[in-house]
Amino acid sequence: MAELTTLESLLEMGFGRNRAEKAVANTGNQGIEQAMDWLMEHENDPDIDEPYVPPVGNVLGGEAEGQEPTAGDTASVMAEGDDMCCEDPDGSKRPMTEEEKREQVKRLEELMRVKQAERRERERAEEVEREKQRRRQGQELQQIRQKIQDDEMKKLADQRRREKMEDKLARQRVKDKIARDREERAQKFGGGAASSTVTPAQPTPPSPSSPTGQGPPPTKKEYDESRIQVRLLDGSTINTVFKAQEPLAAVRVYVQVNGNTPEGQDFTLLSPYPRHVYTEMDMEKPLKELGLVPSAVLVVAKKGEGSAL
């Protein structure tokens, strides 16, 4: 069977001469398969259709001694064996027939289709692998983002728990301080006041000469607690119970803590019926001494307005 040269085969398959010459030159004229592989890999090169210029001193794998290769020399070397011929049994060469030439081109085209199919399959496999890699990276990135979000939510929840605990402890400290203040005032003012108020309350025994035929007068009931109702500046009221020996200052402190009084607002206390404005000196007196036992109603007034009411 007659054989076409590599360059002829590429030209017969429809490749341009510039592309065919570059494929033969860049593969060292090693055969049609290598040339086709090179063409498929470089078919999108921007200079693929420009004329082939061989390197200086090289003519498609050979060296020209004493002269530079010309385009004609290149073409002649690349087309070496361009006379399409075949050998007879006696060793003589004869030109290829058209039928033989078409048969060889057909084989090469079939080889080209096989290689193109292999290339498409390889590219498809590479694309599938790239898509798998992209999905793996996307999943890893999503896991990292989710972990960061979970960590942030955990930190926020811990911070809120700490804030709630701190608020609870702060409120408890205020309550404990109020309780200690009450106890301290009761101990400070309760003992002396009790002795001064108990003595007048004891009934004087009747003298033998006084005409009493009806027996001793009934004793007055002693109350240990006082229920105080306080009307605030905004018209609302608060109620609580104090010990009878607690000073009026304890009521004032209770109003400051629980009465929504503006910070820094100075105020005084007064009794509406009968009307009486309590002074700073009254603040140290026990509730019992001020006549606020067993119950009383007090009114909160701004400092300076009490005397005008």
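Readers should treat all values here as calculations from the given coordinates under stated rules, not as data from a laboratory. This structure is a prediction, so every number in the text was calculated from the model and none was measured. Cβ sites come from the backbone with ideal geometry, for glycine too, and all protein chains shown count toward neighbours.
All other residues whose Cβ lies under 13 angstrom from that of residue 298 are scored, Lys and Arg at +1 and Asp and Glu at -1, for a net of +3. For region 225-302, the convex hull drawn through the C-alpha positions has a volume of 80 cubic angstrom per residue.
In summary, the lysines within cross-link reach of residue 115, defined as a Cα separation below 18 angstrom excluding same-chain residues under 8 places away, comprise 106.
The gain in end-to-end length when the residue 177 to residue 124 segment is fully stretched comes to 11.2 nm, 0.36 nm per residue minus the alpha carbon separation. With each label modelled as a point 7 angstrom along the Cα→C-beta vector, the residue 18-residue 164 pair spans 7.8 nm.
Rounded to two decimals, what ratio of Rg to Rh does region 102-194 give with C-alpha atoms and a Kirkwood Rh? Intermediate values should be presented prior to the final figure.
Working: Rg = 40.1 Å, Rh = 21.5 Å.
A ratio of 1.86.
Excluding same-chain neighbours fewer than eight residues apart, the lysines reachable from residue 285 by a Cα-Cα span under 25 Å are 175, 177, 188, 220, 221, 243, 302, 303. In this rough spin-label picture, where each label sits 7 Å from Cα along the Cβ direction, the residue 257-residue 222 distance is 2.8 nm. Between beta-carbons, use under 13 Å as the cut-off and find the net charge around residue 45, counting Lys and Arg +1, Asp and Glu -1. Within the 13 Å Cβ shell, the charges total -3. What's the local net charge at residue 161, with K and R +1, D and E -1, over the other residues with C-beta under 14 Å away? Once all neighbours under 14 Å are counted, the net charge is +2.
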